[in-house]
Amino acid sequence: MRRPDLASENENDISGTQANRPPRPSPTTIGNHKLKPSTLMMGYGFDPELSEGSLKPPIFLTSTFVFETAAAGKRFFEGVTGKRPGGAEGLIYSRFNGPNQEILEDRLSLWEEADDALAFSSGMSAIATLLLTFVRPGDVIVQSGPLYAATETLIAKILGQFGVSWLDFPSGATREEIDDVIARAKAKGRVALIYLESPANPTNQLVDVEAVRAARDAAFNDGERPPIAIDNTFLGPLWAKPLAHGADLSVYSLTKYAGGHSDLVAGGLVGNKKLIDQVRAMRNTIGTICDPNTAWMLLRSLETLELRMDKAGQNAARVCEFLRGHPKVEKVGYLGFLEEGSRQADIYRRHCSGAGSTFSLYLKGGEKEAFAFLDALQIAHLAVSLGGTETLASAPAAMTHLSVPDDRKAQLNITPNLVRISIGVEDADDLIADFNQALEAI
Ligand SMILES: Cc1ncc(COP(=O)(O)O)c(C=O)c1O
């Protein structure tokens, strides 16, 4: 779609945008020098002169957009309904899109060098819209396991009611294991989608996206290849860029690192334009787009994304180093501590540029010790979620994963002594002092 600030370069165009001159395109290079996403987050995709000189994009609180002519309105609808290729040329109605969401989508694309992006009202609405786009009754979804609990529920319980089934391989699976699951899935029905999550919530296991891509390409002919989508919430968009390793679509809970201040809920999808266009048509129908205010808040958040993630990552490295040496700690499940020479370390080296700031802390003892630790924290907050400026800690077995059956919990190492921690941007020494006193309180 074209925003009001992205008017046609063709003066005779009937697209009917509000601007009376084309927008100045945002520079993405200086000579041969390519500008980085962290720089482009300040202004890319927005021309202040088309919004009264406002340095920042205004929030476009409107449910609908006025067409300059009836012919322009018809042309926009031809684009949005697919009667004419190329998509809508102008803004129509806020369930389809709006200026704030489009600027956000342009900027989201930059981090993974994606063709296109879509913004959603939550991570789960992004995932649900993606699944509804590609899955039909009788289809099979091949997935890595475990997935975020609500995603597992959506696929197994909700899509299951419509005759969709699934088969999974463990997150760290080898090429042979992936080949085997794809072959079994093909025998069951049409494979609609390969859906991954890396690192997996809550095990932190990484998926070998390159191996999944090779397995998919070997198993299916051109034209019948199911898209590979991956939940990149935990390390994206800074520390992992799965589109570069063979995924077609990368999905995000923007509620986490991208939003980054624990004050909004939103989702995103970036990737291949042909696939994104299909998901956009579904989003237009069911209305899972985020609202303009949330989009504006995300634009603000993206300006500091790299700063925040860098600092949180550095803090986590310091805190984890402290925790693993503490006598009351059994183990720290942190991507920076993968065993040299292991398969996980090999995937990490190929796919990740940082260990993140969310990890598992196994305390010596059980629920009593975990609760004593959590109740004693003074800086870290006792809350679920992750990727915010503030440090959060929770007990998955008693909270987020309470309803997971016991045998599955045991299989995933979600034990009563497990504490999940998401490190924020506070001072690292202060965090260490807090964790130290909480460990002493056990
Ligand atoms: C890995 C992962 N994916 C998706 C989601 C869902 O995102 P949201 O809460 O924004 O719907 C979450 C939420 O915790 C998550 O951790």
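The values are calculated or read from the model by the stated rules, or taken from the named source; none is laboratory data. This is a predicted model, so every value here is computed, not measured. Here Cβ is always computed from backbone atoms with ideal geometry, including for glycine, and neighbour counts include all displayed protein chains. Note: areas computed on protein heavy atoms with side chains; ligands, DNA, RNA excluded. Shrake-Rupley method; radii C 1.70, N 1.55, O 1.52, S 1.80 Å.
Using only Cα atoms, tell me the angle between helix 305-324 and the longest principal axis of the chain; keep it within 0 to 90° and round to the nearest 10. Once rounded, one gets 10 degrees.
If a paramagnetic tag sat 7 Å from the Cα of residue 389 along the Cα-Cβ line, which residues of the stretch 253-273 would have the backbone N under 19 Å from that point? Backbone N within reach: 254-266.
Applying 0.36 nm per residue to the separation of residue 34 and residue 331 and subtracting their alpha-carbon distance, the gain on full extension is 102.7 nm.
Spread over its residues, the convex hull of the C-alpha atoms of the stretch 26-67 is 115 Å³ per residue.
Note on the chain: with a GNM built from Cα contacts shorter than 10 Å, the maximum mean-square fluctuation among 129, 81, 174 falls on 81. Mind checking which of 327, 344, 423 is farthest towards the positive end of the stretch 303-438's charge dipole, using Cβ charges of +1 (Lys, Arg) and -1 (Asp, Glu) about the Cα centre? Checking the options against the dipole of the stretch 303-438, the answer is 344.
Helix 292-303 and the longest principal axis of the Cα set of the chain meet at an angle near 60°.
Average the reciprocal distances over every distinct pair of alpha-carbons in the stretch 183-229, invert the result, and give the Kirkwood radius in Å. Final number for the Kirkwood radius of the stretch 183-229 is 11.7 Å. Counting heavy atoms of the protein chains alone, residue 190 has an accessible area of about 130 Å² for a 1.4 Å probe. Using a cutoff of 8 angstrom between alpha carbon atoms and counting only pairs six or more residues apart, the relative contact order for the stretch 320-359 works out to 38 percent. If a spin label sat at a point 7 angstrom from the Cα of residue 429 along the line to its beta carbon, the backbone N atoms of the stretch 305-339 nearer than 16 Å would be those of 315, 318-319, 322. Angle, helix 123-134 long axis vs. longest principal axis of the chain, Cα atoms, 0 to 90°, nearest 10? Helix 123-134 and the main axis of the chain meet at about 60 degrees.
Residues considered: 399, 42, 124. Largest GNM mean-square fluctuation over the chain, using C-alpha springs under 10 Å, is found at 399.
Which of the pairs 36/157; 34/186; 56/256; 273/409; 74/256; 256/364 have their Cα atoms more than 31 Å apart in this structure? From 36/157; 34/186; 56/256; 273/409; 74/256; 256/364, over 31 Å: 36/157; 34/186; 273/409; 74/256. Normalised Debye scattering of the stretch 197-356 at q = 0.13, 0.14, 0.20 Å⁻¹ gives log10 I(q)/I(0) of -0.73, -0.83, -1.35, counting only Cα atoms as equal scatterers and leaving out solvent. Tell me the net charge near residue 110. Cut-off is 12 Å between Cβ atoms, residue 110 excluded, with +1 for each Lys or Arg and -1 for each Asp or Glu. Summing Lys/Arg as +1 and Asp/Glu as -1 gives -3. Of 368, 34, 256, the order by accessible heavy-atom surface (1.4 Å probe, DNA, RNA and ligands excluded), from most exposed downward, is 368, 34, 256.
Could you tell me which of rounded, prolate or oblate describes the stretch 169-284, using a ≥ b ≥ c as the square roots of the eigenvalues of the alpha-carbon gyration tensor, with rounded for a/c under 1.5 and, failing that, prolate when a/b is larger than b/c and oblate otherwise? The shape class here is oblate.
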